[in-house]
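Right, one structure below, let's go through it.
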Amino acid sequence: MKFTTIHHVAIICADYQKSKEFYVNLLGFEVIQETYRKERNSYKLDLQVGNCDRIELFSFPNPPERPSQPEACGLRHLAFEVEDIIASVAELEAKGIAVEPIRLDELTGKRFTFFKDPDGLPLEIYEG
């Protein structure tokens, strides 16, 4: 077996409309398709990130909360590459999104920082 790429990242949110607003209108991801699954009382929103990456945003009734911050076992965070981290931070903050101070990756010399989605999922921007 040979893996060729990551097909998508799936995120379950507590408040679908709030998360849709965040990912589409604040972060600017393009909607590919939105589906309401009546039998599950659930939405599935397919989002385009950049040229070939995708996020699947799901809503489910009463999903359990994230057990802890990024150091919990499992997915630690989701990172997005940006060309200009200073401009990206300024844009996020102008939209009312709190962003941590910019740090320097000791291994690569690249700058990065974190912010959170409406459910507290840690998101990273990393300067390419």
Those residues of segment 104-128 that are exposed (fewer than 12 other Cβ atoms within 10 Å of the Cβ), free of Cβ contacts under 8 Å to residues at least 24 places away in the same chain and of a type outside the set (Asp, Glu) come to a total of 4
Kindly list, by first and then second residue, each pair from a residue in segment 9-28 that is touching a residue at least 40 places away in the same chain (Cβ under 8 Å) to a residue that is assigned to a helix (DSSP H, G or I) and buried (at least 19 other Cβ atoms within 10 Å of the Cβ), limited to pairs with Cβ atoms under 6 Å and residues at least 6 apart or on different chains. CYS13/SER19
Go through (1) farther than 21 Å from LEU26 by Cβ; (2) in a strand (DSSP E or B) and name the single condition ASN62 misses. (2)
Evaluate the following for GLU91: is it farther than 14 Å from CYS13 by Cβ, in a helix (DSSP H, G or I) and without any contact (Cβ under 8 Å) to a residue 24 or more places away in the chain? yes
Counting just the residues of segment 24-59 that are outside any helix (DSSP H, G or I) and among the polar types (S, T, N, Q), which one comes out farthest from ILE97 (Cα to Cα)? ASN41
Identify the residue in segment 94-103 that is exposed (fewer than 10 other Cβ atoms within 10 Å of the Cβ) and in a loop (DSSP other than H, G, I, E, B) and, among all such residues, is farthest from the chain's Cα centre (by Cα). PRO101
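Taking segment 1-23 as the search range and keeping residues that are among the basic types (Lys, Arg) and not in a loop (DSSP other than H, G, I, E, B), which one is nearest to GLU65 (Cα to Cα)?
Within segment 1-23, the match that is nearest to GLU65 (Cα to Cα) is LYS18.
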Go through (1) over 26 Å from GLU91 (Cβ atoms); (2) at pLDDT 90 or above for GLU65 and report which single condition fails. (2)
For the structure I just gave you, tell me whether ALA87 is within 23 Å of TYR126 (Cα to Cα), exposed (fewer than 15 other Cβ atoms within 10 Å of the Cβ) and out of contact with any strand residue (DSSP E or B) (no Cβ under 6 Å at 6 or more places or on another chain). yes
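The values are calculated or read from the model by the stated rules, or taken from the named source; none is laboratory data. If you're wondering where the values come from, they're calculated on a predicted model, not measured in any experiment. In this analysis, Cβ positions are derived from the backbone assuming ideal geometry, glycine residues included, and neighbour counts consider all displayed protein chains.
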